[in-house]
Amino acid sequence: MAGGRALRTHPDFTARFAAGLRDGTLPPGLTAKMPDEAARRFAVYRNNVAIGLIDALAARFPVIRRLLGEDFFRAMARVFAETHRPRSPVLPAWGADLPGFLETFPPLAAHPYLADIARIEHARGLAFRAADRPPLPPAALVGADPSRLRLCLHPSVQVLRLAHPAVSIWAANRPGRDPSGPFPAAAETALILRDTRFDVPVAAIGPGDAALVEALRTGAPLTAATQAA
């Protein structure tokens, strides 16, 4: 007991504290010397959390930030952060839900390609943090039967089948690039991977290349994968 009241359990307090960060409600149990000091301090802390999340999202999605402009991006990111809290303390891994959020965010209804741009940026983050795997030495392939040979792709390799020419738009709007078009009208498919320098290039590939990579990723033998392409 403290001051005639039972102390809340730690899980209960942390749950109410997290809820207060989302909706602004002062969590029960917060105290201060002055009557309104706890509310003021919590508001400052809540705002600092929001700014930290917005900055983390800006670092993960620099092209979305450039396309939207600083003010609009930060306003959008605040709304996203209030409804899609990080599920991990690793903030660079946050943002998987942003593409779907952008698809349904009313102010961006006229710009559906933005969701595909966000998919590219999220996939690049996954590729950058993917587990490492040593390359197969060429000598290991000597004499291998292509009909039985199964190649294991690097964990960073991803294929994104997009609904818009998002690879071209993304490339033109990277920081320091000239965003002027024209851009292709057709949808593009992106190949994303992490190279030996830890750069994460993005390339637009054709249907055959995409089918080949996807077949190899599912474990198809080399001959079958090339036939799928």
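See the values below:
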| quantity | calculated |
| --- | --- |
| Subset of the range 184-229 [among the charged types (D, E, K, R) and free of Cβ contacts under 8 Å to residues at least 40 places away in the same chain] | Glu188, Asp195, Arg197, Asp199, Asp209 |
| Any hit, the range 136-157, residues being of a type in the set (Gly, Ala, Ser), under 27 Å from Gly100 (Cα atoms) and in contact (Cβ under 8 Å) with a residue 24 or more places away in the chain | yes |
| Selection status of Ala59, surrounded by 14 or more Cβ atoms within 10 Å (Cβ to Cβ), within 16 Å of the chain's Cα centre (by Cα) and closer than 21 Å to Arg119 by Cβ | no |
| Residue in the range 95-115 that is of a type in the set (Phe, Trp, Tyr), over 24 Å from Arg161 (Cβ atoms) and part of a helix (DSSP H, G or I) present | no |
| Thr226 being of a type in the set (Val, Ile, Thr) and closer than 19 Å to Glu121 by Cα | no |
| Filter pass, Ala96 being without any contact (Cβ under 8 Å) to a residue 24 or more places away in the chain, small (Gly, Ala, Ser) and within 24 Å of Phe128 (Cβ to Cβ) | no |
| Criterion violated by Pro92 - all others in (1) surrounded by fewer than 14 Cβ atoms within 10 Å (Cβ to Cβ); (2) in contact with a Gly (Cβ under 7 Å, 6 or more places away or on another chain); (3) within 23 Å of Ile169 (Cβ to Cβ) satisfied | (3) |
| Arg78 being assigned to a helix (DSSP H, G or I) and in contact (Cβ under 8 Å) with a residue 12 or more places away in the chain | yes |
| Residue list for the range 210-224, restricted to those being closer than 14 Å to Leu191 by Cα and either not small (Gly, Ala, Ser) or not assigned by TED's automatic domain parsing to the domain that holds Gln158 (or both) | Leu212, Val213, Glu214, Leu216, Arg217 |
| Residue among Arg124, Arg119, Arg148, Arg133 that is in contact with a helix residue (DSSP H, G or I) (Cβ under 7 Å, 6 or more places away or on another chain) and of a type outside the set (Val, Ile, Thr) | Arg119 |
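Table: residues versus (1) of a type in the set (D, E, K, R); (2) exposed (fewer than 15 other Cβ atoms within 10 Å of the Cβ); (3) at pLDDT 85 or above; (4) more than 21 Å from Pro175 (Cα to Cα).
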{"residue": "Arg8", "(1), (2), (3), (4)": "yes, yes, no, yes"}
{"residue": "Arg16", "(1), (2), (3), (4)": "yes, no, no, yes"}
{"residue": "Leu21", "(1), (2), (3), (4)": "no, no, no, yes"}
{"residue": "Pro35", "(1), (2), (3), (4)": "no, yes, no, yes"}
{"residue": "Arg46", "(1), (2), (3), (4)": "yes, no, no, yes"}
{"residue": "Phe73", "(1), (2), (3), (4)": "no, no, yes, no"}
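The values are calculated or read from the model by the stated rules, or taken from the named source; none is laboratory data. Model, not experiment: these values are computed from the prediction. Cβ coordinates were reconstructed from backbone atoms using ideal geometry, including for glycine residues, and neighbour counts include every protein chain displayed.
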